[in-house]
Amino acid sequence: MLSPMELAVEAARAADDKKAADVRIMDMREALGVTDYFVIASGRNERQVKRIQEAVEERLREHGVKPVRREGVRFGRWVLLDYLDIVVHVFLEEDRAFYDLERLWQDVPFVEWQPAST
């Protein structure tokens with residue numbers, strides 16, 4: 001079983017594999033208390049948001065993990081996948097800029113990670 005940090009990195013890599021923009025992992029352990037990490041990624045259009053969401057779910061399913069909750073899948077502008085220890089947010093680029101979770105949680109550290117290809 002992967003640790004929450006390892007799951008977050010796997011989710012980030014799955015998003016990156018689908019050419020998601022600006023993939024980031026935020027360490028929420030000290031700030032939120034209900035989850036350990038946010039993974040945030042952007043897609044250029046609703047179709048790409050859907051592909052990113054599906055890739056993340058498939059990758060984490062390979063590690064025996066399924067989301068306990070999904071939101072926004074039908075609309076494809078902001079998809080939230082809740083895995084309890086990690087929460088994955090996949091936004092359309094303009095929606096990500098509007099909600100700006102990075103600014104909202106500006107005191108939260110980012111986790112360094114590397115795409116699988118490097």
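Among residues belonging to segment 72-87 that are charged (D, E, K, R) and modelled with pLDDT under 95, point out the one that is surrounded by the fewest Cβ atoms within 10 Å (Cβ to Cβ).
Per the criteria, the residue is ARG74.
Within segment 53-111, work out how many residues are of a type outside the set (Val, Ile, Thr) and in a loop (DSSP other than H, G, I, E, B).
So the answer is 18.
Based on this model, can you work out whether VAL39 counts as farther than 13 Å from LEU80 by Cα and of a type in the set (A, V, I, L, M)?
Numbers: farther than 13 Å from LEU80 by Cα: no; of a type in the set (A, V, I, L, M): yes.
No.
With GLU62, GLU57 as the choices, which residue is over 14 Å from ALA116 (Cβ atoms), charged (D, E, K, R) and modelled with pLDDT of 95 or more? Full working, then the answer.
Numbers: GLU62 fails: over 14 Å from ALA116 (Cβ atoms).
It is GLU57.
Got a number for residues in segment 31-71 being acidic (Asp, Glu) and touching a residue at least 12 places away in the same chain (Cβ under 8 Å)?
Here is the first cut: in segment 31-71, the residues acidic (Asp, Glu) are 36, 46, 54, 57-58, 62, 71.
Applying the additional criterion that residues be touching a residue at least 12 places away in the same chain (Cβ under 8 Å) yields 36, 46, 57-58.
Summing the residues that are acidic (Asp, Glu) and touching a residue at least 12 places away in the same chain (Cβ under 8 Å) in segment 31-71 gives 4.
If only one of ALA21, ALA97 is surrounded by fewer than 17 Cβ atoms within 10 Å (Cβ to Cβ) and touching a residue at least 60 places away in the same chain (Cβ under 8 Å), which one is it?
When all the criteria are applied, what remains is ALA21.
For segment 25-54, which residues satisfy the criterion of being closer than 19 Å to SER3 by Cα, surrounded by 16 or more Cβ atoms within 10 Å (Cβ to Cβ) and among the aliphatic types (A, V, I, L, M)?
ILE25, MET26, MET28, VAL39, ILE40
Would you say ARG13 is closer than 15 Å to VAL79 by Cβ and modelled with pLDDT of 95 or more? Step through it out loud before you land on a result.
Values: closer than 15 Å to VAL79 by Cβ: no; modelled with pLDDT of 95 or more: yes.
Judged against the criteria, ARG13 is not a match.
The values are calculated or read from the model by the stated rules, or taken from the named source; none is laboratory data. Predicted model only: the values in this text are computed from it and were never measured. Heads up, the Cβs are rebuilt from the backbone with ideal geometry, glycines too, and the neighbour counts pull from every protein chain shown.
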